[in-house]
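Only one structure is covered here, and it is reproduced in the block below.
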Amino acid sequence: MRKPVVLRGYQFSVYNRIARVALHEKGVPYETEEVDPFANDIPRDYLKRHPFRRVPVLSHGEFDVYETAAITRYVDAAFGGPDLMPTRAEVLARVTQVVSIMDIYGYRPMVRQVFAHRVFRPAAGEQSNKTEIAAGIEASLPVLGALDALVSEGHVLDGRTFTLADCHLAPMIAYFVQAPEGAMALSKYSALVDWWESASQRPSIEATDPGLPLG
């Protein structure tokens, strides 16, 4: 009997979408369970699965795994379909590097500052902060430059193969470019623009678009 796959997470979480993209790329049927990590009443059952109160958690039968990079690696290893993690040393290193760049240097300025304050908060009827947007754009520029250099190198984000680097980066860029300032910043990095034009048209990216909250 096939073990059920359940992704527990927040609809608008970019990390939840990353996990969904990987599942779609592998062709894995799954169910979703909405968990708002910002709520005061996170279900006790969820906290047993994720002790740090964040999202998402992937459950495959009785096996739970949290941390998005771990989830996507598990999805790639546990299910059939196209391989999302390369084995060639240089490419494997670059995939891991892209994931780390976005987690450590890209997520906060691009998603939590630029997207959240320019797009998400106004859509939810909340206050935004122009200082946060400006600071986010400034901090995003070296991230975009580093990614553009990696795209130009040709080991990863090549527009022909789709790896866990693409799974991780595409949802963050999708949020970032919804802000006019983000789209303008990206436009200055031609190799990254070419990659995004290709990645944005993949069925997995289109199918996992979470939309925006209705304020």
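The values are calculated or read from the model by the stated rules, or taken from the named source; none is laboratory data. Keep in mind that this is a model prediction, so the values were computed, not measured. Note that each Cβ is placed from the backbone with ideal geometry, even for glycine, and that neighbours are counted across all protein chains shown. To get the accessible areas, we keep the full protein, side chains included, count just its heavy atoms, and leave off ligands, DNA and RNA. Shrake-Rupley method; radii C 1.70, N 1.55, O 1.52, S 1.80 Å.
Pairing residues of region 121-144 that are in contact (Cβ under 8 Å) with a residue 24 or more places away in the chain with residues that are open to solvent by 60 Å² or more (accessible area, probe 1.4 Å) and of a type in the set (Ser, Thr, Tyr), at Cβ distances under 6 Å and at least 6 apart in sequence or on separate chains, gives Val143/Tyr105.
Scoring Pro109 on the criteria (1) touching a residue at least 40 places away in the same chain (Cβ under 8 Å); (2) closer than 14 Å to Ile173 by Cα; (3) open to solvent by less than 20 Å² (accessible area, probe 1.4 Å) leaves a single failure, condition (1). Take Glu67 and tell me if it is over 16 Å from Cys167 (Cα atoms) and modelled with pLDDT of 95 or more. Taking the combined requirement at face value, the residue does not satisfy it. Looking only at residues in region 112-157 that are polar (S, T, N, Q) and part of a helix (DSSP H, G or I), the one that is surrounded by the fewest Cβ atoms within 10 Å (Cβ to Cβ) is Thr131. Check whether at least one residue in region 160-171 is assigned to a helix (DSSP H, G or I), in contact with a Pro (Cβ under 7 Å, 6 or more places away or on another chain) and either at pLDDT below 95 or open to solvent by less than 40 Å² (accessible area, probe 1.4 Å) (or both), and report yes or no. No, every residue in region 160-171 fails to be assigned to a helix (DSSP H, G or I), in contact with a Pro (Cβ under 7 Å, 6 or more places away or on another chain) and either at pLDDT below 95 or open to solvent by less than 40 Å² (accessible area, probe 1.4 Å) (or both).
Assessment of region 29-51 against the conditions (under 16 Å from the mean Cα position of the chain (by Cα) and open to solvent by less than 50 Å² (accessible area, probe 1.4 Å)) yields no matching residue. Counting only strands (runs of 3 or more DSSP E) that sit wholly inside region 1-100, those with at least 3 residues that are without any contact (Cβ under 8 Å) to a residue 40 or more places away in the chain and within 21 Å of Ala207 (Cβ to Cβ) are 31-34.
Only residues that are over 14 Å from the mean Cα position of the chain (by Cα) and either under 16 Å from Asn16 (Cβ atoms) or not charged (D, E, K, R) (or both): list them for region 163-183, please. Once the filter is applied, which keeps residues that are over 14 Å from the mean Cα position of the chain (by Cα) and either under 16 Å from Asn16 (Cβ atoms) or not charged (D, E, K, R) (or both), region 163-183 yields Gln178, Ala179, Pro180, Gly182, Ala183. Looking at region 187-205, which of its residues are part of a helix (DSSP H, G or I) and either under 20 Å from Ile18 (Cα atoms) or open to solvent by 40 Å² or more (accessible area, probe 1.4 Å) (or both)? Scanning region 187-205 gives Ser190, Leu192, Val193, Asp194, Trp195, Trp196, Glu197, Ser198, Ala199, Pro203, Ser204, Ile205.
Only residues that are touching a Lys or Arg at 6+ places or on another chain (Cβ under 9 Å) and open to solvent by less than 60 Å² (accessible area, probe 1.4 Å) were counted in region 80-106, giving 5.
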